[in-house]
Amino acid sequence: METKPALALPLVEEFVRFAHTDLSRVEELLAHEAGLINACWDWGGGDFETALGAAAHMGRIDIANFLLEHGARLDLFSAAMLGQLEIVKTVLKIYPAAIDIPGAHGIPLIDHAKAGGEESRAVLEFLESFSK
């Protein structure tokens, strides 16, 4: 397998930063460098975040769906924000302690469900009633 060079760190940071708020810029950057789709930025102290993680805690359903349609790796936090109740239930049935694992910036799973608004109401209700 051919080893590819690492992505430029400023490009990774820009991609993750704009995934919090700006779909058009995310589209432009991904068109320029497809390898960004699952790139991860370390904000410091091990606070790692992907573009999908950024979109998830900001409630940016549009950005999250765009990223998923282009190969982003679905995770529990984005599933919660997107209202994917069966995915959240299944993960917590198998790994109940996952409810306490923080996402990027230490943001709890339940806050990701809150960020999804009406789209994730059922997930929020499930998480509020969940007991390990």
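The values are calculated or read from the model by the stated rules, or taken from the named source; none is laboratory data. Computed from a predicted structure; not experimentally measured. FYI the Cβ positions are ideal-geometry reconstructions off the backbone, even for glycines, and counts take in every protein chain you see.
Pairs are defined by a Cβ separation below 8 Å, a sequence spacing of at least 6 or placement on different chains, a first member in the stretch 54-69 that is under 18 Å from Leu124 (Cβ atoms), and a second member that is among the acidic types (Asp, Glu) and outside any helix (DSSP H, G or I); the pairs so defined are Ala56/Asp75. Figure legend. Inter-residue proximity from the stretch 25-42: first residues among the aliphatic types (A, V, I, L, M) and at pLDDT 95 or above, second residues surrounded by fewer than 19 Cβ atoms within 10 Å (Cβ to Cβ) and outside any helix (DSSP H, G or I), beta-carbon distance below 6 Å, spacing 6+ or different chains. Indicated pairs: Ile37/His70; Ile37/Gly71; Ala39/Leu7. Give the number of residues within the stretch 100-111 that are in contact with a helix residue (DSSP H, G or I) (Cβ under 6 Å, 6 or more places away or on another chain) and either closer than 14 Å to Phe130 by Cβ or free of Cβ contacts under 8 Å to residues at least 40 places away in the same chain (or both). Result for the stretch 100-111: 2.
How many of the residues in the stretch 36-71 are surrounded by 14 or more Cβ atoms within 10 Å (Cβ to Cβ) and assigned to a helix (DSSP H, G or I)? Number satisfying all stated conditions: 17. In the stretch 67-89 there is no residue matching the filter, namely being under 15 Å from Val16 (Cα atoms) and β-branched (Val, Ile, Thr). Exactly one residue out of Ile99, Ile110, Ile94, Ile87 is β-branched (Val, Ile, Thr) and either in contact with a Pro (Cβ under 9 Å, 6 or more places away or on another chain) or under 24 Å from Glu33 (Cα atoms) (or both): that is Ile99.
Mind checking whether some residue in the stretch 89-103 is in contact with a Gly (Cβ under 7 Å, 6 or more places away or on another chain), within 25 Å of Leu7 (Cβ to Cβ) and either assigned to a loop (DSSP other than H, G, I, E, B) or not charged (D, E, K, R) (or both)? Yes - at least one qualifying residue is present in the stretch 89-103. Looking across the stretch 89-99, just one residue is free of Cβ contacts under 8 Å to residues at least 24 places away in the same chain and closer than 17 Å to His57 by Cα, and that is Ala98.
Could you say which residue among Leu74, Leu23 is within 22 Å of Glu119 (Cβ to Cβ), surrounded by fewer than 20 Cβ atoms within 10 Å (Cβ to Cβ) and in contact with an Asp or Glu (Cβ under 6 Å, 6 or more places away or on another chain)?
Values: Leu74 fails: in contact with an Asp or Glu (Cβ under 6 Å, 6 or more places away or on another chain).
Leu23 is the lone residue from the list that is within 22 Å of Glu119 (Cβ to Cβ), surrounded by fewer than 20 Cβ atoms within 10 Å (Cβ to Cβ) and in contact with an Asp or Glu (Cβ under 6 Å, 6 or more places away or on another chain).
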